[in-house]
1. Where the eigenvalues come from the Cα gyration tensor of the stretch 12-84, what are the semi-axes √(5λ) of the equivalent ellipsoid, largest first, in whole Å?
2. Mean 1/r over all different Cα pairs, inverted: what Kirkwood radius does the stretch 201-291 give, in Å?
3. Suppose a student asked you for the relative contact order of the stretch 357-456, using Cα pairs under 8 Å spaced at least 6 residues apart; what percent would you report?
4. Using the Cα gyration tensor of the stretch 236-380, with a ≥ b ≥ c the square roots of its eigenvalues, what is the shape: rounded (a/c below 1.5), prolate (a/b larger than b/c) or oblate (neither)?
5. Quick check on the chain: helices-only [θ] at 222 nm, where DSSP H runs of length 4 and up contribute -39,500 (n - 2.57) each and the sum goes over total residues. Nearest 500, please.
6. Determine, for 395, 95, the number of other Cβ atoms within 10 Å of each Cβ, and report the residues in order from fewest to most.
7. Evaluate the relative contact order of the stretch 183-260 (contact order divided by residue number), counting alpha-carbon pairs under 8 angstrom at least 6 apart; express in whole percent.
8. Quick one: what Rg and Dmax do you get for the stretch 251-330 from the alpha carbons, in Å?
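Please treat every number below as a calculation from the coordinates, not as lab data. Computed from a predicted model, the values in this text were never measured in an experiment. Cβ: placed from backbone, ideal geometry, glycine included. Neighbour counts: every protein chain shown.
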């Protein structure tokens with residue numbers, strides 16, 4: 001394993017990779033519950049969808065390990081699944097066509113990756129923007145962690161229904177304040193705060209596996225206090241009964257997607273997937289010190305190839321667009337540096353196939369895995385030091401990326417905003433020669449997303 005994954009070359013060890021892979025799995029295990037629940041709104045049955053979600057994660061992580069040798073876990077994307085379930089609801093299209101759109105976008109990813117276009121576009125992103133991706137994703141992760149643990153909550157949380165204002169059509173109006181501090185008297189919130197502080201102290205003392213240790217200790221304490229519940233069962237056979245995959249696998253409708261009227265859907269899925277992967281790989285690369293002196297990701301085509309192949313598999317097996325997961329940053333923070341960590345994560349997902357009934361109670365442990373997301377957010381925001389604050393043509397696009405990513409709760413929105421603003425400011429300030437051709441192409445694609453796509 002040391003030779004195949006080049007552990008010494010990457011300054012890692014088998015122990016560090018195992019800890020990193022386990023840490024990544026724990027922080028993203030929620031996808032096995034959340035993704036099927038969201039896709040159920042599109043009409044995809046939850047049982048088979050759970051199996052499809054897990055299989056996609058297994059295949060993606062294995063490919064990432066063997067092809068790219070990177071510590072990046074792969075699974076169906078949050079955001080894209082919501083777009084497929086809710087964003088397309090008003091178009092009156094079936095889930096078969098939605099899966100067809102996922103597959104076709106994967107084919108497009110594969111084509112531009114093999115042609116070298118995807119890598120060319122990725123390396124054309126300005127250095128300051130690349131580091132802003134890491135900062136934005138770090139804050140995005142921290143916000144997810146804060147919200148999941150209840151440290152921060154919705155402004156309307158705890159209010160009676162009559163307190164919510166509606167318009168003339170009876171639709172809810174936006175609250176004056178979007179979020180507020182959570183209930184600090186809730187023991188689960190206090191557990192989360194304590195877990196975060198424990199992880200921080202362990203990181204300060206440079207303890208290997210600090211995040212994993214913090215999660216385990218917090219989970220055990222929370223369970224002892226009664227904040228978990230027993231599963232309805234322990235094991236279940238995949239591919240049988242309610243988990244039979246035949247109802248959704250290979251049921252995608254590709255022909256129905258290849259119509260002119262479907263172009264906004266394809267454009268949106270394509271750009272969301274492309275930009276999510278670009279931002280995630282850049283952010284994770286910065287977190288793992290994998291970027292070169294120009295801020296570029298060496299051999300970025302390999303993880304992008306994995307992303308494309310896994311996305312095609314997603315559509316075939318019956319789930320939403322997949323790609324590299326930002327939660328992989330937790331494993332990187334725990335010491336993961338190679339594909340061996342991804343292989344460990346894949347093994348745990350594979351094992352989960354036979355213990356699906358055990359997965360649901362994991363959702364009760366937000367107070368355990370949420371603090372890890374906050375801790376990783378702290379680490380990733382360190383990339384802000386590499387943004388050029390003295391040059392407004394660099395800082396303003398970086399700022400737009402960070403705030404749009406965080407405050408629209410969508411990574412792709414932040415990336416598109418920054419990629420559009422950057423060349424506009426360069427050109428307006430008389431510095432058009434600094435615009436890379438690839439950056440101009442990205443700006444045009446992002447503009448098309450806002451004009452003709454379905455931004456959300």
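1. 26, 12, 10
2. 19.2 Å
3. 17 percent
4. The shape class here is oblate.
5. -18500 deg cm²/dmol
6. 395, 95
7. Taking the mean separation of contacting Cα pairs over the length of the stretch 183-260, I get 20 percent.
8. 14.9, 46
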